[in-house]
Amino acid sequence: MLRSALLLALSIALAGAGSPARAADTIRVEDLRFERSLADDAWMLWARFEVPIDDRIDQALRDGVSLHYVVEFDITRPRWWWWDEKTVQARRVHTLSYHLLTQKYRATIGDEETRQFATLAEAAQAIAQVSGWIVVPTDALEPDTRYEASLRLRFDRERLPRSYQLGALTNNDWDIPSEWKRFTLTTATPASAR
């Protein structure tokens, strides 16, 4: 009797825990380019992410919920004698929404542009790209210095409506993991300074 009660309690606990995130449900960096723009006198970022889209996301959009994704880009300068110096912390919000009247999906990239798409796949592809984002002025990074950079696109669960946030507490449906892409960069001394 006690054994069957324990098995029942264990099965209820496991069922309520939700399914663990599969590898296909993870937001990943597919392509990345970070380079100096002489015209803008700044360092610019280009990236493409793989964003999982499924029926729950489509249903939430059709219910009028806007879904927010945050591009996070950090640059730190390693120091052996003290904590690493946070040189750059850049954030930009990409938003997916659905306009019921026109029956089109909308992708808003930062504060720059809003575009409409006929399909969710097209709109998701638009928010999964960063093109020519000026993340740091050239003079903010010291010449001939090694930096550690990291980039990711994460789903912002805190910006969901309260009813969705309460549901997210009891299951993992809205817990979309994202991976950091880490890389090392070394700034070069400009040719004019040599």
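The values are calculated or read from the model by the stated rules, or taken from the named source; none is laboratory data. Because the structure is predicted, anything quoted here is derived from the model rather than measured. Methodologically, a virtual Cβ is constructed for each residue, glycine included, from the backbone with ideal geometry; neighbour enumeration extends over all protein chains shown. Just the protein is used for accessible areas: all its heavy atoms, side chains included, with ligands, DNA and RNA removed. Shrake-Rupley method; radii C 1.70, N 1.55, O 1.52, S 1.80 Å.
Tabulated results
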read-out	value
Global geometry of region 110-157, whether rounded, prolate or oblate, following the gyration tensor of its Cα atoms and the 1.5 cut on a/c	prolate
Convex hull volume per residue for region 22-86, taking Cα atoms only, in Å³	172
Amide hydrogen neighbours beyond the local backbone of THR145, cut-off 5 Å, H modeled	THR187
Chymotrypsin sites (Phe, Trp or Tyr not before Pro) restricted to DSSP loop in region 37-78 with at most 13 other C-beta within 10 Å	none
Rounded to the nearest 10 Å², the accessible area of SER150 at probe 1.4 Å	10
Residue order for HIS99, HIS68 - accessible surface, 1.4 angstrom probe, largest first	HIS99, HIS68
Region 126-133 - phi-based ³J(HN,Hα) in whole Hz, Karplus 6.51/-1.76/1.60, Gly and Pro as x	5, 6, 8, 10, 10, 10, x, 7
Karplus (6.51, -1.76, 1.60) ³J(HN,Hα), θ = phi - 60°, over region 88-102, in Hz, Gly and Pro reported as x	9, 9, 10, 9, 8, 9, 10, 10, 9, 8, 10, 9, 5, 5, 8
Between region 77-128 and region 26-63, the alpha-carbon center distance in angstrom	6
Computed accessible area, TYR98, all protein chains, 1.4 angstrom probe, square angstrom	30
